[in-house]
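So the structure is just underneath, and the comments pick up after that.
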Amino acid sequence: MQIFTQIADIKTALDFLKKENLSIGFVPTMGALHVGHLSLIEKAKTENDIVVCSIFVNPVQFNNKEDFDKYPVQDDVDIELLKKNACDILFIPTVKEMYPEAPNENFSFGQLENVMEGAFRPGHFNGVAIVVKKLFEIIKPDKAYFGEKDFQQLMIILALVKQFNLDIEIVLCAIIREPDGLALSSRNVRLTEHQRAIAPQIYALLKNCVEHSVIASVAEVKEEFILKISAISEFKLDYFEIADENSLQPISSWEDSKSPRAFAAIFMDNVRLIDNMKIFCNFAKS
Ligand code: PAF
């Protein structure tokens, strides 16, 4: 595996590979790699000649300083993991290399950014768009891989690609879960043993929503989820929403959407967990 820290160097190396007509699959990460990231890398390897990963904890996408300060960093472990998996090239720049000057671009994603993560984490998606656009310009991949756990981020990135006519295929990858259902996340390592034992309830309650959507209204499904989460003292609900998965706009009736999805963001102390699940069994679909 080749490792680059400088933009100019990785661009030169990739230009050479592109001249050889080799296809590039790109997996951007913020490090603290887990099996979810490795599954993206594996998928990228089956669809491309070369897999490029990046590790960059992007300061401008954190709206909460404590979340940024406590974001797990384990570069040595990550590098070993990438070497053992299908990563061919790692880009691991410093903040100064990525942002010699504070970035000040302002993106607009309309209704996609005004709800859920966009509403609860002001500036977050602008920061994601800044870094992803810059990484895309550096790597110029044929395909880039993103997990559905950050579903709204995925929609924002699809919009970014469309807005700037980027010639990159975005590959959506299913959420990878622990055997007990907890969605894999770099933040999971910050949970105490006790919190970790309770966290899979988020998955269980999302599943419950899907099951109940067959017989209950949107309002009833939402109320039940919120009540059950509130009954667990370790959880503090940030938001729960049932929204159309394409427009991300909340729905009030199953008839409002052909593809509804449930979205949750929940704090366990200062660790924020997000998860989502497609609701497929409702009357609107039959
Ligand atoms: O999903 C992430 O890990 C980050 O938001 C990303 C896409 C690597 C941008 O920093």
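Residue 267 meets all of the listed conditions (1) part of a helix (DSSP H, G or I); (2) modelled with pLDDT of 95 or more but one, namely (1). Checking the range 239-247 against the condition returns a match, with at least one residue being out of contact with any Leu (no Cβ under 6 Å at 6 or more places or on another chain), within 26 Å of residue 43 (Cα to Cα) and not charged (D, E, K, R). Determine if the range 49-70 includes at least one residue that is surrounded by fewer than 16 Cβ atoms within 10 Å (Cβ to Cβ), closer than 19 Å to residue 150 by Cα and free of Cβ contacts under 8 Å to residues at least 24 places away in the same chain. Yes, the range 49-70 contains a residue that is surrounded by fewer than 16 Cβ atoms within 10 Å (Cβ to Cβ), closer than 19 Å to residue 150 by Cα and free of Cβ contacts under 8 Å to residues at least 24 places away in the same chain.
Considering the conditions (1) in a helix (DSSP H, G or I); (2) surrounded by fewer than 20 Cβ atoms within 10 Å (Cβ to Cβ); (3) more than 13 Å from the chain's Cα centre (by Cα), residue 135 is excluded by exactly one of them, (2). Answer yes if at least one residue in the range 152-159 is in a loop (DSSP other than H, G, I, E, B) and either small (Gly, Ala, Ser) or more than 11 Å from the ligand (Cβ to nearest atom) (or both), and no otherwise. No, the range 152-159 contains no residue that is in a loop (DSSP other than H, G, I, E, B) and either small (Gly, Ala, Ser) or more than 11 Å from the ligand (Cβ to nearest atom) (or both). The set of residues from the range 243-267 being of a type in the set (Phe, Trp, Tyr) and either over 22 Å from residue 187 (Cα atoms) or in contact (Cβ under 8 Å) with a residue 60 or more places away in the chain (or both) comprises 254, 263.
Consider residue 242 carefully, then state whether it is within 18 Å of residue 149 (Cβ to Cβ), of a type outside the set (S, T, N, Q) and modelled with pLDDT of 95 or more. In short, yes.
One residue is enough: does the range 100-114 have a residue meeting the conditions surrounded by fewer than 18 Cβ atoms within 10 Å (Cβ to Cβ), within 15 Å of the ligand (Cβ to nearest atom), part of a helix (DSSP H, G or I) and under 19 Å from the mean Cα position of the chain (by Cα)? Checking the range 100-114: not a single residue is surrounded by fewer than 18 Cβ atoms within 10 Å (Cβ to Cβ), within 15 Å of the ligand (Cβ to nearest atom), part of a helix (DSSP H, G or I) and under 19 Å from the mean Cα position of the chain (by Cα).
Checking the stated criteria, residue 81 turns out to be in contact with a His (Cβ under 9 Å, 6 or more places away or on another chain), hydrophobic (A, V, I, L, M, F, W, C) and either over 16 Å from residue 11 (Cα atoms) or modelled with pLDDT under 95 (or both).
Yes or no, residue by residue, for (1) more than 18 Å from the chain's Cα centre (by Cα); (2) under 26 Å from residue 72 (Cα atoms); (3) part of a helix (DSSP H, G or I); (4) among the hydrophobic types (A, V, I, L, M, F, W, C):
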residue: 181; (1), (2), (3), (4): no, yes, no, no
residue: 202; (1), (2), (3), (4): no, yes, yes, yes
residue: 207; (1), (2), (3), (4): yes, no, yes, no
residue: 211; (1), (2), (3), (4): yes, no, yes, no
residue: 216; (1), (2), (3), (4): yes, no, no, yes
residue: 224; (1), (2), (3), (4): yes, no, yes, no
residue: 239; (1), (2), (3), (4): no, yes, no, no
residue: 243; (1), (2), (3), (4): no, no, no, yes
residue: 246; (1), (2), (3), (4): no, no, no, no
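Just checking, does the range 233-242 include any residue being of a type in the set (S, T, N, Q), in contact (Cβ under 8 Å) with a residue 12 or more places away in the chain and surrounded by fewer than 20 Cβ atoms within 10 Å (Cβ to Cβ)? No: the range 233-242 contains no residue that is of a type in the set (S, T, N, Q), in contact (Cβ under 8 Å) with a residue 12 or more places away in the chain and surrounded by fewer than 20 Cβ atoms within 10 Å (Cβ to Cβ). Against the test of being of a type in the set (A, V, I, L, M, F, W, C) and in contact with a strand residue (DSSP E or B) (Cβ under 6 Å, 6 or more places away or on another chain), the options 136, 151 yield a single qualifying residue, 151. Count of the range 34-52 residues, restricted to those that are in contact with a helix residue (DSSP H, G or I) (Cβ under 6 Å, 6 or more places away or on another chain) and within 14 Å of the ligand (Cβ to nearest atom), is 1.
The values are calculated or read from the model by the stated rules, or taken from the named source; none is laboratory data. Note that the structure is predicted; figures quoted are calculated from it, not measured. Because the Cβ atoms are built from the backbone with ideal geometry, glycine has one as well, and the counts that use them run over all protein chains shown.
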